[in-house]
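Where a number appears in this text, it was derived from the coordinates with a stated rule and is not lab data. Quick caveat, the model's predicted, so the values are computed rather than measured. In this analysis, Cβ positions are derived from the backbone assuming ideal geometry, glycine residues included, and neighbour counts consider all displayed protein chains.
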Amino acid sequence: MGSITLQDTQPSGVYGTPPAELAETPEGALQFSPLIPGSRRLEEQEEGALGTMVVLAPHGTVERRYTIALALRALAPDGALTVLAPKDKGGSRIAKELKAFGCDVAETSRRHHRICACTRPALPAGLDQALAEGGPRLDDGLGLWTWPGIFSWNRIDPGSALLEQTLPALSGRGADFGCGLGILARTILTSPKVEHLAMIDIDRRAVDMAGRNIDDPRAELRWADIRSGTGLKGLDFAVMNPPFHDGGAEDQSLGQAFIRRAAEALRPGGVLWLVANRHLPYEAVLKSLFKRVTPKVEASGYKIYEAVK
Ligand SMILES: C[S@@+](CC[C@H](N)C(=O)[O-])C[C@H]1O[C@@H](n2cnc3c(N)ncnc32)[C@H](O)[C@@H]1O
């Protein structure tokens, strides 16, 4: 009989969906990615509770160091940590970052990824600083709560700004598809005729921050993947600046799925307001699902459509 290891006695964790051929995720591992609805919160995980952790590391430096620091905090001393990422999406920096936390790292390279393995040192260095830099904060410039890693977390996206300026005063029941920090919702809810606004995002950090930014009983926050359906029906309006990246790669089908879900949720005569980069091919899908599609504004590489169901 082999000796009992930490992995046998303490739960395992995983962050994201690391390719199985690059890193083995133990069966039953607890999922901690904020981009997977229903997963646990790594920032609330009891310290030293996990026996092993596999992290598909995020691209942004501050977000990645924060995530690694959270993983180290959640691991028991000597718990096994594997951190990997594509080489050109932060992977080439992981070994150095782990060493700065005091880890003794073994690095391998496979299929354009860097894969770093280590165990948690008894006293990791610099955790508090990485946790403070990567955690939620009130951004003075934005006047909003934000969290590194959320879409456009430290500046207002120019497309969203253009849509904010263009939106008429809306009324009735509506939805903000991919609400982010709540920038569009903030504008939508200035109209007293809005009765209810469902704010949906796949990023739990965005939903958390939007909850702090929007203090309005008409707003309902949901952490969900819009592709799986929203259950919304008979809406008067929907608003979106749809995502066009999934896991770092351009994915035009994501925005098209958002448009389909909006068409399902709107009543006949209900209106969709959409902003997108001019090059994105949304017009055909809009025209196939809506009675009237009007390009309203085109500026700085963005296009705004009003589509009536
Ligand atoms: C271009 S951003 C717009 C954010 C916000 N509305 C704004 O204007 O700043 C798109 C948002 O959609 C979210 N998102 C991406 N894929 C999603 C999905 N499958 N379901 C729900 N939200 C998603 C992203 O997390 C992001 O917050």
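Computed from backbone phi, the HN-Hα couplings of the range 73-89 come to 5, 6, 7, 6, x, 6, x, 8, 10, 10, 10, 9, 6, x, 3, 8, 10 Hz, rounded to whole numbers (Karplus: 6.51 cos²θ - 1.76 cosθ + 1.60, θ = phi - 60°; Gly and Pro given as x).
Here the label points at D215 and I156, each 7 Å from Cα along the C-beta direction, are separated by 2.0 nm in the simple model.
For the range 264-309, GluC sites (Glu not before Pro) are listed when DSSP marks them as loop and at most 14 other Cβ atoms sit within 10 Å of their Cβ; the list is empty. Where both bridge residues fall in the range 165-309, DSSP classifies roughly 45% of the beta bridges as antiparallel. Fully extending the segment from T17 to H112, taken as 0.36 nm per residue of separation minus the present Cα-Cα distance, adds 32.6 nm.
For the range 100-166, what class follows from the C-alpha gyration tensor (a ≥ b ≥ c being the square roots of its eigenvalues): rounded when a/c is under 1.5, otherwise prolate if a/b is larger than b/c, else oblate? Note, shape of the range 100-166 comes out oblate.
Dividing the mean sequence gap of close Cα pairs (under 8 Å, 6+ apart) by how many residues the chain holds gives a relative contact order of 11 percent. A straight Cα-to-Cα reach below 20 Å connects K303 with the aspartates and glutamates D157, E164, D176, E250, D251, E283, residues fewer than 8 places away in its own chain not being considered. The calculated 222 nm mean residue ellipticity attributable to helices in the chain amounts to -7000 deg cm²/dmol, summing -39500 (n - 2.57) over DSSP H runs of n ≥ 4 and dividing by all residues.
Between R114 and A85, K87, the built amide H atoms are under 5 Å apart, and every one of these is 5 or more places off in sequence or on another chain. Counting only Cα atoms, the chain measures 68, 38, 38 Å along its principal axes, largest extent leading. Listed by chain and number, the lysines whose C-alpha is less than 27 Å from the C-alpha of K99, apart from same-chain residues fewer than 8 away, are K87, K89.
Net length available on complete extension from A284 to R40 is 84.0 nm, with 0.36 nm assigned per residue and the Cα-Cα distance removed. Amide H to amide H distances under 5 Å link D251 with H245, D246, where only residues 5 or more positions off or on other chains count and H is placed in the peptide plane. So how tilted is helix 204-213 from the main axis of the chain? Cα-based, degrees 0 to 90, rounded to 10. The answer is roughly 60 degrees. Can you give the relative contact order of the range 137-308 as a percent, counting alpha carbon pairs under 8 Å and 6+ residues apart? So the answer I get is 18 percent. Distance distribution note for the range 6-134: the fraction of Cα pairs above 27 angstrom is 7%. Taking Lys and Arg as +1 and Asp and Glu as -1, the other residues whose beta-carbon sits under 15 Å from that of R120 total -3.
Here the residues V275, V62, V285, ranked from fewest to most Cβ neighbours within 10 Å of their Cβ, fall in the order V62, V285, V275. Please state the shape class of the range 137-308: rounded when a/c is under 1.5, otherwise prolate if a/b exceeds b/c and oblate if not, all from the C-alpha gyration tensor. Here the range 137-308 falls in the rounded category. Under a Gaussian network description of the chain, with springs only between Cα atoms under 10 Å, the residue in D176, D140, D128 that fluctuates furthest is D140. Put simply, the amide H of M199, placed in the peptide plane, has neighbours under 5 Å in D176, E220, L221, R222, leaving out anything fewer than 5 places away on its chain.
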